[in-house]
């Protein structure tokens, strides 16, 4: 399916990227990806005029697409190299997924909302972003071993299962807390909790991370 990406859209994306630079995003790979991925493809057409403003927008299933500055900040905190295996918890609109794909990650992404999962998986396929999409409980992660893990919903605690799936030397970026969350970057320096190096990277607001009992 061919989707429109006009000169106006591209110009607004360039402006968005310059705004991100002004907000402290310095990773050129992140900026290049966000200058490439058409954010307006991942929201409803009624919101097209707001696609490149630095604001969160409502999508289906009572979820949101994060601010571009939040997507850029999480992507920058991941500090990954092309070819790394990245597990994303909370596919949502697929925009963060597409940005990671554009940066060269091998993305494995989990969504708990069945309707949103089916819609976003189809969109990613149609637009050429080759992520592996799964319907499931983000708390349980996905069997395997990952270089990086990114959580795009507010977690009340650090999920132990996800930390087990993170390779030693790997990084997890996760918003922690209820209501307003603290963004954490956790480097797994060893298998025990005492060997997790935790960095506090500012406050954000995400929809809550829900367990499998609340999948629908």
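The values are calculated or read from the model by the stated rules, or taken from the named source; none is laboratory data. From a predicted model like this one, the values you see are computed outputs, not experimental measurements. Cβ coordinates were reconstructed from backbone atoms using ideal geometry, including for glycine residues, and neighbour counts include every protein chain displayed.
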**Item:** Extreme residue, modelled with the lowest pLDDT, among residues of the stretch 46-83 that are touching a strand residue (DSSP E or B) at 6+ places or on another chain (Cβ under 8 Å) and closer than 13 Å to residue 204 by Cβ
**Value:** 64
**Message:** Could you go through the stretch 42-51 and let me know if any residue there is touching a helix residue (DSSP H, G or I) at 6+ places or on another chain (Cβ under 7 Å), touching a residue at least 24 places away in the same chain (Cβ under 8 Å), outside any helix (DSSP H, G or I) and buried (at least 18 other Cβ atoms within 10 Å of the Cβ).
**Reply:** yes
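Enumerate the helices (runs of 4 or more DSSP H) found wholly within the stretch 84-202, keeping only those where 1 or more residues are more than 27 Å from residue 51 (Cα to Cα), at pLDDT 95 or above and more than 14 Å from the chain's Cα centre (by Cα).
Numbers: elements: 95-102, 114-126, 160-165.
Per the criteria, 160-165.
Scan the stretch 104-122 for residues that are under 17 Å from residue 3 (Cβ atoms) and either without any contact (Cβ under 8 Å) to a residue 24 or more places away in the chain or surrounded by fewer than 21 Cβ atoms within 10 Å (Cβ to Cβ) (or both) and jot them down.
We begin by selecting, within the stretch 104-122, every residue under 17 Å from residue 3 (Cβ atoms); these are 119-122.
If the condition is that a residue be under 17 Å from residue 3 (Cβ atoms) and either without any contact (Cβ under 8 Å) to a residue 24 or more places away in the chain or surrounded by fewer than 21 Cβ atoms within 10 Å (Cβ to Cβ) (or both), then 119, 121, 122 are the ones that fit.
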**Asked** Within the stretch 52-61, can you find the residues that are in contact (Cβ under 8 Å) with a residue 12 or more places away in the chain and within 17 Å of residue 113 (Cα to Cα)?
**Response** 59, 60, 61
**Within the stretch 152-194, tally of residues that are without any contact (Cβ under 8 Å) to a residue 12 or more places away in the chain and touching a strand residue (DSSP E or B) at 6+ places or on another chain (Cβ under 7 Å)** = 0
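How many residues are touching a helix residue (DSSP H, G or I) at 6+ places or on another chain (Cβ under 7 Å), free of Cβ contacts under 8 Å to residues at least 60 places away in the same chain and either assigned to a loop (DSSP other than H, G, I, E, B) or under 14 Å from residue 94 (Cα atoms) (or both) when one looks only at the stretch 26-37? Steps first, please.
Filtering the stretch 26-37 down to residues touching a helix residue (DSSP H, G or I) at 6+ places or on another chain (Cβ under 7 Å) leaves 27, 30-31, 33-37.
Filter again for free of Cβ contacts under 8 Å to residues at least 60 places away in the same chain, leaving 27, 31, 35.
When the remaining residues are screened for being either assigned to a loop (DSSP other than H, G, I, E, B) or under 14 Å from residue 94 (Cα atoms) (or both), the result is 27.
Residues in the stretch 26-37 being touching a helix residue (DSSP H, G or I) at 6+ places or on another chain (Cβ under 7 Å), free of Cβ contacts under 8 Å to residues at least 60 places away in the same chain and either assigned to a loop (DSSP other than H, G, I, E, B) or under 14 Å from residue 94 (Cα atoms) (or both): 1 in total.
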